[in-house]
Amino acid sequence: MAWTGALTYADIDIYCFTMPRAATTTDAFNAVAEPRRRAILEVLADGERPVNDLVARLGLPQPLVSKHLRVLREVGLVDVRGAGRQRIYRLEGRSLEPIHDWVKGFERTWEQRFQLMDEVLEELKEQEEGESDDE
Amino acid sequence: MTSSGTAVVTLPTQTQIVITRDFDAPRHLVWKAYTTPELIQRWWSGERGEVTKAEVDLRIGGTWRYMMVANGGFEVGFHGEFREIVPNERLVTTEVYDTGPGSESVDESMAPLITTTFTEVDGRTTMTQVTDCPSAEVRDMIVESGMEAGMQESMDALERVAITLA
């Protein structure tokens, strides 16, 4: 199985963003900043694929796809294996974890606020029910 | 008994943050909790501290100002201006982070714009908050702030464990 960790297809789709911290594509954050690289990851999220299959699905020139695959490989987002004359690429989900964690911290902060809002809302609902009982 | 949702954060473009959350309450109450100073006092700081100020001048061009003392002892403040108000439905406001004395001079036209919508189905409300940032850098900074808070909480939790073990 190429897919490790708790990430799902939705993660890739959701956490596609730029993090312009460095000019180079030295980490996963920068690597997924490129829309065509995200498209490649999305296709690979469904399962491993040979290069020509990716080329056909994305409708991009093969040299371009190969270039992006090379970047993705350098940061560990994809891995490759040879099968006969074919080179088959697969997603390495674990490499997406830093991105996932980055967003999760922000999400947690808001969820804590919302949980307190839940308590406020419970009280407001009770007050409203109380008022309608009085009528 | 509350069966509420869990906040979901997505980053659909380089300059946007979208937060969605379901509440087990009709939207006029969610609106009330979201815009009434005494109620904002109770939730806005989350687990990060105590709200020390919540002022809301709920009219177009009116300002809001929230402040909290974080658990670490430092003050954090935000303010903004209401741009659009449709009671119980939609709220558009700017959000400026108060960086300390002199922060009034920051270019308010560059402030992130927050559009919050409330939709109700069967007595439950989905709140969607879209933050439009002037640049990817600002967007990343906002997301980063949550990350730091998360890490701080982990440190606090670690400290508590350490104390119980002592």
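Residue count for segment B:1-39, restricted to those that are over 14 Å from B:VAL121 (Cα atoms), part of a helix (DSSP H, G or I), among the hydrophobic types (A, V, I, L, M, F, W, C) and within 9 Å of another protein chain (Cβ to nearest Cβ): 2.
Collect the residues in segment B:82-105 that are assigned to a strand (DSSP E or B), open to solvent by 30 Å² or more (accessible area, probe 1.4 Å) and modelled with pLDDT of 95 or more, keeping them in residue-number order. Full working, then the answer.
From segment B:82-105, those assigned to a strand (DSSP E or B) are B:82-86, B:90-94, B:96-98; that's our starting set.
Checking the rest, the ones that are also open to solvent by 30 Å² or more (accessible area, probe 1.4 Å) come to B:83-86, B:90, B:97.
B:ARG83, B:GLU84, B:ILE85, B:VAL86, B:ARG90, listed by residue number.
Scanning segment A:105-135 for residues that are open to solvent by 60 Å² or more (accessible area, probe 1.4 Å), modelled with pLDDT under 90 and more than 7 Å from chain B (Cβ to nearest Cβ) yields A:GLU129, A:GLU131, A:SER132, A:ASP133, A:ASP134, A:GLU135. Is at least one residue of segment A:74-87 on the phi < 0 side of the Ramachandran plot, crowded, with 19+ Cβ neighbours inside 10 Å, away from every other protein chain (no Cβ under 14 Å) and not in a loop (DSSP other than H, G, I, E, B)? Yes, there is a match, as at least one residue in segment A:74-87 is on the phi < 0 side of the Ramachandran plot, crowded, with 19+ Cβ neighbours inside 10 Å, away from every other protein chain (no Cβ under 14 Å) and not in a loop (DSSP other than H, G, I, E, B). Test B:VAL138 against the criterion of being out of contact with any Asp or Glu (no Cβ under 7 Å at 6 or more places or on another chain), on the phi < 0 side of the Ramachandran plot, part of a helix (DSSP H, G or I) and at pLDDT 85 or above, and give yes or no. When the stated conditions are applied, B:VAL138 passes them. Considering segment B:53-77 alone, what residues qualify as being exposed (fewer than 15 other Cβ atoms within 10 Å of the Cβ) and modelled with pLDDT under 90? If the condition is that a residue be exposed (fewer than 15 other Cβ atoms within 10 Å of the Cβ) and modelled with pLDDT under 90, then B:ALA70, B:GLY72, B:GLY73, B:PHE74, B:GLU75 are the ones that fit. Listed conditions (1) among the polar types (S, T, N, Q); (2) under 27 Å from B:ILE19 (Cβ atoms); (3) under 22 Å from the mean Cα position of the chain (by Cα) are all met by A:GLN115, apart from (3). Return a yes/no flag: does segment A:66-73 have any residue that is in contact with a helix residue (DSSP H, G or I) (Cβ under 6 Å, 6 or more places away or on another chain), in a helix (DSSP H, G or I), open to solvent by 40 Å² or more (accessible area, probe 1.4 Å) and not β-branched (Val, Ile, Thr). No, segment A:66-73 has no match at all. Is segment B:17-32 home to any residue that is within 22 Å of B:ARG139 (Cα to Cα) and open to solvent by 50 Å² or more (accessible area, probe 1.4 Å)? Checking segment B:17-32: not a single residue is within 22 Å of B:ARG139 (Cα to Cα) and open to solvent by 50 Å² or more (accessible area, probe 1.4 Å).
The values are calculated or read from the model by the stated rules, or taken from the named source; none is laboratory data. Owing to the predicted nature of the structure, the values given are computational and were not obtained by experimental measurement. Backbone-built Cβ (ideal geometry, glycine too); neighbour counts: all protein chains shown. Each accessible area value is taken on the protein alone, full model and side chains, heavy atoms only, with ligands, DNA and RNA left out. Shrake-Rupley method; radii C 1.70, N 1.55, O 1.52, S 1.80 Å.
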